[in-house]
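Have a look at the structure below before the remarks.
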Amino acid sequence: MANQQGFFYGTGRRKEAVARVRLYPGSGKVTVNDKSFEEYFPMETLRAIVRQPLAAANVLDRYDVVVNVRGGGIAGQAGAIRHGIARALVDADAEQFKATMKKSGFLTRDARVKERKKPGLKKARKASQFSKR
């Protein structure tokens with residue numbers, strides 16, 4: 001299902017972050033918001049999260065990844081990029097990658113989001129201190 005521009009597309013979401021991922025045939029270079037991968041994600045744990053779908057499919061050096069990500073924090077953005085890369089890999093070759101991505105859990109959108117604040121409380125669950133008198 002590759003389009004005429006020659007790339008594969010996937011949208012990933014996590015918390016408030018939305019990542020638009022494009023996979024181009026290439027050498028394994030990852031660009032996030034026009035910055036290098038290492039510059040955008042300073043922590044190695046976040047870089048590992050982003051690389052997980054490529055490593056699971058054994059295609060770390062077969063595709064160049066270009067990502068545009070907005071919203072949320074840096075950890076949520078890393079999770080959104082992982083989701084988007086997994087979807088783009090399935091777009092590239094569903095027969096080869098879909099079973100691997102599904103088994104690893106990369107195609108499932110993580111539904112955990114921040115709980116809303118309730119009236120009468122300070123936060124979602126935090127209440128003011130109880131005093132009998």
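Descriptive notes on the structure:
- Computed from Cα positions, the angle between helix 44-56 and the longest principal axis of the chain comes to roughly 50 degrees.
- Approximate shape of the chain as ellipsoid semi-axes (Cα gyration tensor, √5λ), whole Å, largest first: 36, 16, 13
- Applying both filters, DSSP loop and at most 15 other Cβ atoms within 10 Å, to the chymotrypsin sites (Phe, Trp or Tyr not before Pro) of region 35-133 gives Phe130.
- Relative contact order (%) - the chain, alpha-carbon pairs under 8 angstrom, separation at least six: 32 percent
- Expected 222 nm ellipticity per residue - DSSP helices of 4 or more, -39500 (n - 2.57), all of the chain, to 500: -11000 deg cm²/dmol
- Annotation: lysines with alpha-carbon distance below 21 angstrom to Lys114 (same-chain offsets under eight excluded): Lys15, Lys122, Lys123, Lys126.
- Crossing angle, helix 94-104 versus the chain [Cα axis fit, 0-90 degrees, rounded to tens]: 30 degrees
- Options Gln77, Ala48, Leu23, ranked by Cα towards positive dipole end of region 8-104, top entry (Cβ charges): Gln77
- Pair Lys118, Arg47: separation of 7 Å Cα→Cβ label points (nm): 4.3 nm
- For the chain, the longest principal axis of the C-alpha atoms and the axis of helix 74-92 are separated by about 40°.
Values in this text are rule-based calculations from the coordinates and carry no lab data. Predicted model, so just to flag it, every value in this text is computed and none were measured. A quick note on method: Cβ atoms are made from the backbone with ideal geometry, for glycine too, and the neighbour counts reach across all protein chains shown.
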